[in-house]
Each structure stands twice: as C-alpha cells, then as structure tokens.
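The values are calculated or read from the model by the stated rules, or taken from the named source; none is laboratory data. None of these values were measured; they are calculated from a predicted model. When we count neighbours, we look across all protein chains shown, and the Cβ atoms used for this are built from the backbone with ideal geometry, even at glycine.
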Amino acid sequence: MASNNNRNNADDKMDEDDGMIPLELNDEEDDILEIQGLLGDSDRDGSWISSSRSPQFATRKTRRRTTARISTFSLRKKFLGLLVMGTLSMFLGYILMPKKASENKENSNHTSNKDKQPSHDITSPLVTSAETETETSTEITSQTSEENTVDPAAFLDYICPTNIGIAINDRDGFFEWYDDDTAQHALKANNSEFEGFLDEEYGSWGITPNERKALNANWIHWYGDHLLHSESRTIYESACGTGLTLFTIIQLLYEQYNITGIEAFGNDYIARDVVTANRYYDWAVGHYPELDLRKGRICRGDSTNLTSFVPTNAFDIVMTGYIDPIDDPLHLGISDDQKHRQWCKSKNETKQALMKEEQEEMNGWFALWASQMISLVKPGGIVIIESISKPRCEVGDWGGVSKEWWAQAIQEYEWDTQLGIDSASLDIIDFDPPTHYNGLQDRYNVKMTKRKLVP
C-alpha cells in the first residue's frame, strides 16, 4: 500500500464513462448541493466491492476509484446466511468426522500412490480465462502414523471451482495494479527460475519476501505455539498471491520451532498468480527437503466466498497477509488524499455523517472477509489477519478498521455465539514496530481462536 504522498491525483479526474464529477471543496457554501449530487449518482450500482486479492504496498501504479457499494441491510442478510451455515457445518462436521476417519482409514492402503497434484503450466486454461478453467479434483492421500491414526489432512478433499465468475471489483482496470509483478513472476515460474523469488519485490508490497519474513518474526510465536500442540499442521492462506508470504512463515516455523511437515493451502483471484504459486510450491517441495513441505490445494477463488468450495472447520490455521480495504466505498469521488482529509476534518454535519457511514461500510467489509476465514478454521484452531490498516480518517492510508473494532465485531457479528470464536482469545500486535517502512506504519495484526467442540 502506498503512503499518502505517493497517490496520483489523476484518479480524481472526470471519467466520461460513469459521469463522475469530483467534488471540489473550496466553497463550503456549495457543500450540500455537491453532496446531494454525488449521492444521487452513487446508487446506480447496488453491488459492493468483493475483492479477494489484496493491493498491499503500492509503489508503481495509482489505484482506480471503485464504483460500487452495498447497503448495510443487504450485508446483514448475507451475514445471517453465513452464520447459520457456519453453525450447522461446525456441528455436522463434529458428528460426521469419526465416520469419515473410518472410511479414509480403510481406504488408505489403496490411495497412497494416487492423485498426485499436477504442476500447472502458465499457458493452461486457468491463465487465459476464468470461464475456461478446468475443474480438477485433488484428493489428499490419507496418511497413517505408527499409532495407526488418520492424518486430519485426509479430510481435505475438495475441488477448485470451475468458474468463480467476475469479482465485483474486477472492473475499471482494478487488477492492472498487479500486472507488472504478476507478469514478472509468471515468466520466471514458466522457466522454473525460482531461486531469486525471496529477494525480489512481490505482491505490490514494495518489499521482498525476506524483508517481510523479518517482520513476521515478531509474531511467529502465534503460529509456532499453536502448531507445537496440534495433531496436524495445515495452514490456509486467503488471498495468497504467489504464496511467498506463507512460504516465509513456513521457513520461520522450521528455523525457530523446528516444525516441519506443514501442508499449505490457499486461494487467489488472479489466475496467473495461482499458477505461479502452485509451480513455486511444487519446486520448493524438492528444493527445501528440510521443511518436509506438503502442497495442498491452491485454487483460484474469491476470498469473500470461500465456503462455496473450501471445507469448513478444516484447517489448523487460517491466515491472510492483508485485507484489501475499499477505496471510496460510498462512491463520493473523494479518493484523493487531500480531498478525503478535508471531508474528515470538515465541521459540516452532512460530511461528518457520510464519513461515519463510509467507515461503517469498511467495518462490514472487514467483517465479511474475516467471517469466511473463521468458517474455515477447525475448532481449536486460530485465525490470523496481518497488516491491518487503521481507519482512513485517523491515519490516511487506504482505509481499515481500528484495533478496538475487533472486540466489538466479535459481539456484533456473533462470531462468538455462531462461529465459535473465543472473545478472550483476541490478541493484537503491531505489524512494524520499528517503522522501517513508511507505507506500513500504523498497521497491526490480529489473532483469534475458535473454541474446541465439547463432546
């Protein structure tokens, strides 16, 4: 994510296609008329942003203004359905798990050499079009220990979606943000040139995976302390990009905890990044034998709709390196930092009300993304969300939520009663305490634990 001074004001010029007229704030007497005009245009599209890919540390391109919003009423309807499904799946999973384990145990001798996950080629249909993706099943082989117990990963048999559709925010060149980085890594992946990946800038962070690894060392104990006491070692990354953030975490777990045998899963919206991630992990399995790395399913998918194809209550850790906030969620035409700051500081009651509503929309967006992650983690597992931005009116940046919001969200969105989150487990750590990187200042990380089921 770019620092405020790095934004390009060109985004606020009039767009002939949508008729957007940026609001000028020099004449306070015209505020109400201007606000009314903008609000009249803002309701033309009733949908909302649904990004599954995270513009993280912008250094090259200017983010385009989004053109959609969703009503709070519609969002709450979506949450209600998610919470009901999450509750049912949690208890059904608990009831059916012993039967599934027995079936997998009986068939383990017949499946040990089947269903090896293929490498993905950059020229495969997965890259060229979402509509032409090939539906592929991945069955993770049941592995038994000396005690003849079934590896929990045997339950993680699922199919990547054939067609995830077009993400709501995949418009106006939004994903051009990643073109340079995606193309660079895809080209090298196609030639199996992976050796330098950890020392090259990635994912629009403006830093390398190894530099990110040094930051992750400040909270690697969240991962390590949990996995040391876990029967399995599965990690799912939402919006994984090329998979390099999770890979550096896997390295840290080995270096600091001597934890090996991690099974890595994930999803991303950008097809070529999914291909690169699959090919990188195929390569890393052989190149880093000390890690005993195991590649699970890495799919093209929308991080706001994971429960449509990923098993729920299934992973030891579900994490994301970043939740992409919404740029101008009310479609007010004030993406520019200076204009937005003027609105935040304005004493005009209408502007104050709109800034409050804008933050409520942002809160709902973060809650939707986090709810999907909570649904995937198994009872007793943990959810980790890294590099969270604070509210835009507080610190600028692209926008986010406050540290205090998370405790409120556990209650407001019923993560405790419907999805099993232990409210006392909430933990928060600053992302970059020494503030080495200007664009990452004021970021922080959150950890939550899902309660174990009681028989």
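For residue 399, the requirement of being assigned to a loop (DSSP other than H, G, I, E, B), modelled with pLDDT under 95 and touching a Ser or Thr at 6+ places or on another chain (Cβ under 9 Å) is met. Scan the range 315-323 and give yes if some residue there is crowded, with 24+ Cβ neighbours inside 10 Å, more than 25 Å from residue 403 (Cα to Cα) and either touching a residue at least 60 places away in the same chain (Cβ under 8 Å) or of a type in the set (A, V, I, L, M) (or both), otherwise no. Yes, the range 315-323 contains a residue that is crowded, with 24+ Cβ neighbours inside 10 Å, more than 25 Å from residue 403 (Cα to Cα) and either touching a residue at least 60 places away in the same chain (Cβ under 8 Å) or of a type in the set (A, V, I, L, M) (or both). The condition (being over 22 Å from residue 317 (Cα atoms), out of contact with any helix residue (DSSP H, G or I) (no Cβ under 7 Å at 6 or more places or on another chain), buried (at least 21 other Cβ atoms within 10 Å of the Cβ) and not polar (S, T, N, Q)) is satisfied by just one residue among 386, 394, 358: 358.
Out of the range 143-189, which residues are modelled with pLDDT of 65 or more, hydrophobic (A, V, I, L, M, F, W, C) and part of a strand (DSSP E or B)?
159, the sole residue that qualifies.
Scanning the range 286-299 for residues that are over 17 Å from residue 311 (Cβ atoms), surrounded by 14 or more Cβ atoms within 10 Å (Cβ to Cβ) and touching a residue at least 40 places away in the same chain (Cβ under 8 Å) yields 291, 293. Only a single criterion out of (1) touching a Phe, Trp or Tyr at 6+ places or on another chain (Cβ under 6 Å); (2) surrounded by fewer than 21 Cβ atoms within 10 Å (Cβ to Cβ) is not satisfied by residue 193, namely (1).
Of all residues in the range 417-454, those being within 18 Å of residue 313 (Cα to Cα), assigned to a loop (DSSP other than H, G, I, E, B) and in contact (Cβ under 8 Å) with a residue 60 or more places away in the chain number 6. Scanning the range 248-269 for residues that are in contact with a Lys or Arg (Cβ under 9 Å, 6 or more places away or on another chain) and either among the aliphatic types (A, V, I, L, M) or part of a helix (DSSP H, G or I) (or both) yields 248, 249, 251, 252, 253, 259, 262, 264.
Would you check if residue 285 is assigned to a helix (DSSP H, G or I), touching a strand residue (DSSP E or B) at 6+ places or on another chain (Cβ under 8 Å) and not aromatic (Phe, Trp, Tyr)? Judged against the criteria, residue 285 is a match.
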